[in-house]
Amino acid sequence: MLVIDAAQVRELVSPAGPSALSHPRAPERPADGLTESELRMLDALPVSRHVTPGHLASQVNLVEAEARRALRSLARRGLAEERAGLWRFSPQRLASHDRR
């Protein structure tokens, strides 16, 4: 058997076999680990203007209290910004977040 790198050696000598080894993972993205409510709010956040939490909540069918919790969580992650009680997608994340 021809072995060409260290990963193949680890796979061959692993007592549990190749399936027990961890597989390479993609780099973590800012939206990884968000709750369903947070993802819905993130998708609804406008980029160019600020809107009320109530407006966003009605767009994604959440009660306003849940929308506010999701917005605060998004802000802690740097994904949303608040100004005078109004919210929008954080411009610092425009380059790093896939909005599709």
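For this structure, a couple of remarks:
- The average projected area of the stretch 36-93, computed from the convex hull of its Cα atoms over all directions, is 3.3 nm².
- Label-to-label distance for Val51 and Thr35 is 2.1 nm, based on points extended 7 Å past Cα in the beta-carbon direction.
- Couplings 3J(HN,Hα) of the stretch 80-87, computed from phi: 9, 10, 10, 9, 6, x, 10, 10 Hz, in residue order, whole Hz [Karplus 6.51 cos²θ - 1.76 cosθ + 1.60, θ = phi - 60°; x for Gly and Pro].
- Full-extension gain in nm, Gln92 to Arg77, via 0.36 nm per residue minus C-alpha separation: 4.3 nm
- Estimated FRET transfer efficiency (Val63, Glu11; beta-carbon r; R0 41 Å; 0.05): 0.25
- Placing R0 at 41 angstrom, the Cβ-Cβ distance between Glu28 and Met1 gives a FRET efficiency of 0.75 after rounding to 0.05.
- Phi to ³J(HN,Hα) by Karplus 6.51 cos²θ - 1.76 cosθ + 1.60 over the stretch 26-37, Hz, x for Gly, Pro: 5, x, 5, 9, x, 8, 5, x, 6, 6, 4, 4
Every number here is computed from the coordinates shown, using simple stated rules; none is lab data. Small disclaimer: the values here were computed from a predicted structure and weren't measured. Ideal geometry is used to build each Cβ from the backbone, glycine not excepted, and the neighbour counts take in all protein chains shown.
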